[in-house]
Amino acid sequence: MGLYQNRIVIKVGTSTLTNEWGKSDFRSFDRLACVLSGVQNMGYEVILVSSGAIAVGKNKLNLQAAESMRHKQAAAAVGQCSIMFLYDKFFGDYDKTIAQILLNADDMEQEEKKENLIHTFDTLLELGIIPVVNENDSVSYTEIESDEKLFGDNDMLSAIVAVLCRAGKLIILSDIDGLYDSDPRLHPNAKLLSRVECIDESKYALAGGAGSRRGTGGMRTKLKAAELAVSQGIDTIIANGRHPDAIYEIIRGGVSGTLFPGKL
Ligand code: GLU
């Protein structure tokens, strides 16, 4: 079965949605809602995979220092309400309806649950609704603490959702412009790679460790996610979440960030 070329999954991380004090960055929520609503008005089906629940919840509960699992899970439960409230408000301003889907890895492993999920996504999209997806962190701690945080940072979740929904494109928004030929935080002359045909060890070596303090991901988990999506034929782009306007350029086929062309 082929891909839906007009179906796009966009992933946004905690570092884009919160400011340096860990509070919600309303401008980021608003800009994202504005661009994604505009993209949907152009005839695309949009699925948003959003992190931010734990950071926003911790901030709301004044739990900055609390790193225990039970506090993180409690924070996720509180913060998820807050981020959905903000999305509902900002997407509402652009005349859009959103829906919340919370997932764990095993939801995708059981055939029956998987089928249900596919039907729910398809129905929401048919109805012109923008699903907003996050991990169900309050239910499963493995998501938050997995060794490589493969599912836990939402990068891999976004690739899994893209594969499940047979999306034509996956756009992973990061706090930097894409994959560089060396770490741009250490090397000011680092060059952005605009197209990467093959995700091999040499690319992982370029990815380095985790990204900002507030998210758990980094370039490595984004490459892992890209590797999965690309292997299913899905064009994957890593771009800067601070400039969501770039999404217009990307869907027009222009160059913004790093493109990993889908291969089958
Ligand atoms: N699912 C987590 C959240 O929503 C992801 C944490 C992250 O890596 O940003 O907070």
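What tally of residues in the stretch 23-42 results from selecting those that are in contact (Cβ under 8 Å) with a residue 40 or more places away in the chain, of a type outside the set (A, V, I, L, M, F, W, C) and either more than 14 Å from the ligand (Cβ to nearest atom) or open to solvent by less than 10 Å² (accessible area, probe 1.4 Å) (or both)?
As a first pass, look at the stretch 23-42 and keep what is in contact (Cβ under 8 Å) with a residue 40 or more places away in the chain: 24, 26, 28-40, 42.
Pick out the ones that are also of a type outside the set (A, V, I, L, M, F, W, C) and you get 24, 28, 30-31, 37-38, 40.
Retained after the next criterion (residues that are either more than 14 Å from the ligand (Cβ to nearest atom) or open to solvent by less than 10 Å² (accessible area, probe 1.4 Å) (or both)): 28, 30-31, 37-38, 40.
Result for the stretch 23-42: 6.
If I filter the stretch 177-188 for residues that are open to solvent by 30 Å² or more (accessible area, probe 1.4 Å), farther than 19 Å from SER28 by Cα and assigned to a strand (DSSP E or B), do I get at least one hit?
Yes, the stretch 177-188 has at least one match.
Residues that are at pLDDT below 90, surrounded by 24 or more Cβ atoms within 10 Å (Cβ to Cβ) and either of a type in the set (Lys, Arg) or under 10 Å from the mean Cα position of the chain (by Cα) (or both): does the stretch 156-173 have at least one? Reasoning before the result, please.
Applying the first criterion (at pLDDT below 90) to the stretch 156-173 yields none.
Scanning the stretch 156-173, I find no residue that is at pLDDT below 90, surrounded by 24 or more Cβ atoms within 10 Å (Cβ to Cβ) and either of a type in the set (Lys, Arg) or under 10 Å from the mean Cα position of the chain (by Cα) (or both), so the answer is no.
Please specify each residue of the stretch 17-49 satisfying the condition of being hydroxyl-bearing (Ser, Thr, Tyr) and out of contact with any Leu (no Cβ under 7 Å at 6 or more places or on another chain).
Looking only at the stretch 17-49, we keep the residues that are hydroxyl-bearing (Ser, Thr, Tyr), and these are 18, 24, 28, 37, 44.
Once the filter is applied, which keeps residues that are hydroxyl-bearing (Ser, Thr, Tyr) and out of contact with any Leu (no Cβ under 7 Å at 6 or more places or on another chain), the stretch 17-49 yields THR18, SER37, TYR44.
State yes or no: is GLY241 crowded, with 17+ Cβ neighbours inside 10 Å, within 15 Å of the chain's Cα centre (by Cα) and of a type outside the set (Asp, Glu)?
Values: crowded, with 17+ Cβ neighbours inside 10 Å: yes; within 15 Å of the chain's Cα centre (by Cα): yes; of a type outside the set (Asp, Glu): yes.
Answer is yes for this residue.
Go through the stretch 1-20 and give me each residue that's farther than 13 Å from LYS169 by Cα and away from the ligand (no atom under 16 Å from the Cβ).
As a first pass, look at the stretch 1-20 and keep what is farther than 13 Å from LYS169 by Cα: 1, 12-20.
Within the stretch 1-20, MET1 is the sole residue that qualifies.
Pull up the stretch 43-53, narrow it to residues that are of a type outside the set (Ser, Thr, Tyr) and under 15 Å from the mean Cα position of the chain (by Cα), then point me to the one that is nearest to the ligand (Cβ to nearest atom).
At the first step, the residues of the stretch 43-53 found to be of a type outside the set (Ser, Thr, Tyr) are 43, 45-49, 52-53.
Restricting the remaining residues to those that are under 15 Å from the mean Cα position of the chain (by Cα) gives 46-49, 52-53.
Working: VAL46: 19, ILE47: 16, LEU48: 12, VAL49: 9, GLY52: 5, ALA53: 3 Å.
So, considering only residues that are of a type outside the set (Ser, Thr, Tyr) and under 15 Å from the mean Cα position of the chain (by Cα), the one nearest to the ligand (Cβ to nearest atom) is ALA53.
Could you look through the stretch 195-219, keep only residues that are of a type in the set (Ser, Thr, Tyr) and open to solvent by less than 60 Å² (accessible area, probe 1.4 Å), and pick out the one that is modelled with the highest pLDDT?
So in the stretch 195-219, the residues of a type in the set (Ser, Thr, Tyr) come out as 202, 204, 212, 216.
Next, only the ones that are open to solvent by less than 60 Å² (accessible area, probe 1.4 Å) stay: 204, 212.
Numbers: TYR204: 88, SER212: 46.
Step by step, filter the stretch 195-219, then rank; the result is TYR204.
Regarding GLY233, is this residue modelled with pLDDT of 95 or more and either surrounded by fewer than 17 Cβ atoms within 10 Å (Cβ to Cβ) or under 21 Å from ARG27 (Cβ atoms) (or both)? Talk me through it step by step, then tell me what you get.
On the way: modelled with pLDDT of 95 or more: yes; either surrounded by fewer than 17 Cβ atoms within 10 Å (Cβ to Cβ) or under 21 Å from ARG27 (Cβ atoms) (or both): yes.
So GLY233 fits the description; yes.
Which of the helices (runs of 4 or more DSSP H) found entirely inside the stretch 59-146 contain at least 3 residues meeting this: more than 20 Å from LEU17 (Cβ to Cβ), modelled with pLDDT under 95 and away from the ligand (no atom under 15 Å from the Cβ)?
Numbers: elements: 69-93, 105-109, 111-126, 141-145.
Fully inside the stretch 59-146 and qualifying: 105-109, 111-126.
The values are calculated or read from the model by the stated rules, or taken from the named source; none is laboratory data. All of these numbers come straight from a predicted model, not from anything done at the bench. Note: ideal-geometry Cβ built from the backbone for every residue, glycine included; neighbour counts use all protein chains shown. To get the accessible areas, we keep the full protein, side chains included, count just its heavy atoms, and leave off ligands, DNA and RNA. Shrake-Rupley method; radii C 1.70, N 1.55, O 1.52, S 1.80 Å.
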